[in-house]
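Report on the following structure.
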């Protein structure tokens, strides 16, 4: 009679993530793997709330610095590691708004009570990765247009292209992103 070990509870990705966390707790150099897995989601979460690319990048960096500094305090309870990162991000964003209010740089913080569903965060992270995969000129146009809020004319001047060429780059980029998003859905 063969005796087998009981099946592990939890999914394979959950088990892999737990092993990565434990490895990073023992050797902080292994934190890079957790960073790579979660950067897109955390950046999407932060950028949705601050709506300024420079600040979003800085705050995302702060999130991962704090996560690394406090990694030994992370206790695995079966909840995704990303949830812990989102809690850190939420605190970092709140701290940013408090600092900004003290400096009177910002009148009102954005609505922070409504939490973004994990599915929407994943979708934004995929979109962020898709934009990063665009050809250089298309990526620059999309980022300048939709992240930085620049006009077609401003982008054309920066890229030293005609406005028509910038519009064509934008059209092609959006068509490619739309096709990839539809392909990812089903």
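Values quoted throughout were computed directly from the atomic coordinates according to the rules given, and no laboratory measurement underlies them. Bear in mind the structure is a predicted one, so any value in this text is a computation, not a measurement. Neighbour counts are summed over all protein chains in view; Cβ atoms, including those assigned to glycine, are modelled from backbone coordinates with ideal geometry.
Data for the structure
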{"read-out": "Neighbour-count order for 171, 31, fewest beta carbons within 10 angstrom listed first", "value": "171, 31"}
{"read-out": "Difference of contour (0.36 nm per residue) and Cα-Cα distance, residue 165 to residue 74", "value": "27.8 nm"}
{"read-out": "Residues of segment 21-51 with amide N under 12 Å of the 7 Å Cα→Cβ point at residue 132", "value": "35-44"}
{"read-out": "Efficiency of FRET from Cβ geometry, residue 66 and residue 175, R₀ 35 Å, rounded to 0.05", "value": "0.35"}
{"read-out": "Value of relative contact order over segment 133-186, rounded to a whole percent, pairs C-alpha under 8 Å and six or more apart", "value": "35 percent"}
{"read-out": "Residues 90, 47 arranged by fewest to most Cβ contacts within 10 Å", "value": "90, 47"}
{"read-out": "Fewest-first sequence of 27, 122 by Cβ atoms within 10 Å of each Cβ", "value": "27, 122"}
{"read-out": "Length-normalised contact order for segment 12-115 - Cα pairs under 8 Å, 6+ apart - percent", "value": "29 percent"}
